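Comments concern the structure below.
The values are calculated or read from the model by the stated rules, or taken from the named source; none is laboratory data. Everything quoted here is computed from the prediction, not taken from an experiment. Because the Cβ atoms are built from the backbone with ideal geometry, glycine has one as well, and the counts that use them run over all protein chains shown. Side chains are part of the model used for accessible areas, which takes the heavy atoms of the whole protein and leaves out ligands, DNA and RNA. Shrake-Rupley method; radii C 1.70, N 1.55, O 1.52, S 1.80 Å.
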Amino acid sequence: MFSSSKFNETKIGFIGLGAIGKPMAKNLHIAGFILKVYNRTIDINDLEPMNISQACSSPIEVASDIDVLAICLPDEKAVEEVIFGDKGAINSLAERNIIVDFSTISPDSAKSFSSRCKQYNIDYIDAPVTGGTEGAINGSLSILLGGNYLAVEKIRPILSILGNNIHFFGESGSGQKVKAVNQVLVAGAYASLAEAIVLAQSLELPMEQVISSLSKGAGSSWALKNRSISMINDYYPLGFKLSLHNKDLDIALKVANRLGLDLAITKQIKLKEEELISLGYGDHDLSVLRKSFD
Ligand code: NDP
């Protein structure tokens, strides 16, 4: 088991210091893990508060002399590139190292990455997260795991720094299947929140009081508690990029399609998102979905 005790100096490489990866890496550093990081673009001012001494210039560099490689990237293309590309981590990882991939990708890709890593005697765990940037900052993410159970148990002390709702679902790709289900839930929650806010504002209701009263009722949701202000003010700081959620709905719909399921509501929301992306809102927070309901 890898712990943060100073007597057991677990070394972690972290690739992808975006909206969610950066606070995760920071929490691991604060917990006492030895951390090396890689991001394509690095702002040294961002790293200074983390006091991370080892900013690496390639995946191959970040993956040498570590125990666990954590990855948090936008999509499977990026994950494939950092693991298996020319300067990919696989070239310097040691046998029995563990890759824990927090990115949201398709279950099939997770399965394929896992079997490719197995050829190098490396465990690849799919570990998509939910809980937003707030959860990443507070170390209260939900983490959805698939892969080798023994490898998951080894990295549990690392996971428990990042999240407080950690679930193992079985074989490789299982974590990503649950994440696909989650993203369908998220789609509905944000879309109904957007509709509800448009209705409340059109009724000229006192919005602050509406949100505070309803956030304790049956219609409450994470989106209502955390993103209604963005929608009310028509101002959408990140958060979670609309384009990333759209990628996730693509994954969910493909999974459903293969099962012969027609997720009619999710399909509609995906189209609304695509319309907004074509208007240039892809890098805005997902709460920008409100604009579709004006
Ligand atoms: P961001 O867009 O904020 O960050 C993505 C990071 O990946 C950036 O640091 C970027 O580096 C890096 N990157 C992108 N492409 C490549 C590449 N080809 N090679 C190397 N590095 C690359 O995304 P988030 O942090 O928001 O999301 C990361 C993952 O977590 C996604 O899969 C997302 O779906 C998931 N997620 C996000 C949540 C959120 O609330 N934000 C919540 C739950 C899950 P550079 O700066 O150089 O471009």
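Here are the numbers for the structure shown:
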| item | result |
| --- | --- |
| Whichever aspartates and glutamates have a C-alpha closer than 16 Å to that of Lys77, once near sequence neighbours (fewer than 8 apart) are set aside | Asp86, Asp101, Asp108, Asp126, Asp248, Asp250 |
| Bridge type composition, segment 4-171 - antiparallel percent by DSSP, nearest 5 | 10 percent |
| Amide H contacts of Leu238 (H built 1.01 Å from N, under 5 Å, at least 5 apart or other chain) | Asp285 |
| In order through segment 97-105: 3J(HN,Hα) via Karplus (6.51 cos²θ - 1.76 cosθ + 1.60), integer Hz, x for Gly, Pro | 5, 10, 9, 10, 9, 7, 5, 8, 9 |
| Using distinct alpha-carbon pairs, which all enter the 1/r mean, Kirkwood radius of the chain in Å | 19.9 Å |
| Over 24 Å between alpha carbons, listed pairs Lys225/Lys254; Lys26/Lys241; Lys154/Lys179 | Lys225/Lys254 |
| Net charge, Ser160 excluded, C-beta distance under 13 Å - Lys, Arg +1, Asp, Glu -1 | +1 |
| Percent of Cα-Cα distances greater than 11 Å, calculated over segment 142-184 | 63 percent |
| Phi-based couplings in Hz for segment 140-147 (Karplus 6.51, -1.76, 1.60; Gly and Pro marked x) | 10, 5, 8, 10, 10, 10, x, x |
| Difference of contour (0.36 nm per residue) and Cα-Cα distance, Tyr149 to Asp294 | 47.5 nm |
| Mean Cβ count within 10 Å, highest first, over the residues of peptides 30-36, 218-224, 10-16 | 10-16, 30-36, 218-224 |
| For segment 241-288: relative contact order, % (alpha-carbon pairs under 8 angstrom, 6 or more apart) | 63 percent |
| Among Ala89, Ala136, Ala200, residue whose mean-square fluctuation peaks in a GNM of the chain (springs only between Cα atoms under 10 Å) | Ala200 |
| Rg to Rh, two decimals, where segment 177-293 supplies the alpha carbon set and Rh follows Kirkwood | 0.98 |
| DSSP-defined antiparallel bridges as percent of all bridges, segment 124-215, nearest 5 | 40 percent |
| Among beta bridges that DSSP assigns inside the chain, antiparallel share in %, nearest 5 | 15 percent |
| Under-5 Å amide H pairs with Asn164, H placed in peptide plane, nonlocal only | Leu141 |
| Most mobile of Ala55, Ala264, Ala252 in a GNM of the chain (Cα contacts under 10 Å) | Ala264 |
| Zero-based 10 Å bins, Cα pair distances in segment 4-171, whole percents | 11, 44, 39, 6 |
| For Leu69, residues with placed amide H under 5 Å, excluding near neighbours | Gly13, Ile98, Ile99, Val100 |
| Distance from segment 137-174 to segment 275-293 (C-alpha centre basis), Å | 31 Å |
| Sequence-separation-based contact order of the chain, relative, with Cα cut under 8 Å and 6+ spacing, percent | 15 percent |
| Highest to lowest packing among 270-277, 209-216, 141-148, scored as the average C-beta count within 10 Å | 141-148, 270-277, 209-216 |
| Rounded percent of accessible protein surface that carbon and sulfur make up, segment 95-189, 1.4 Å probe | 53 percent |
| Calculated [θ] (222 nm, deg cm²/dmol) that DSSP helices of n ≥ 4 give over the chain, each run adding -39,500 (n - 2.57) | -14500 deg cm²/dmol |
| Cα-based Rg of segment 53-106 normalised by 2.2 N^0.38 Å, two decimals | 1.06 |
| Per residue solvent-accessible surface (Å²) - the chain, probe of 1.4 Å | 49 Å² |
| Span-like helix ranges in the chain, DSSP H, alpha carbon extent 15 angstrom or more, Kyte mean at least 1.6 | none |
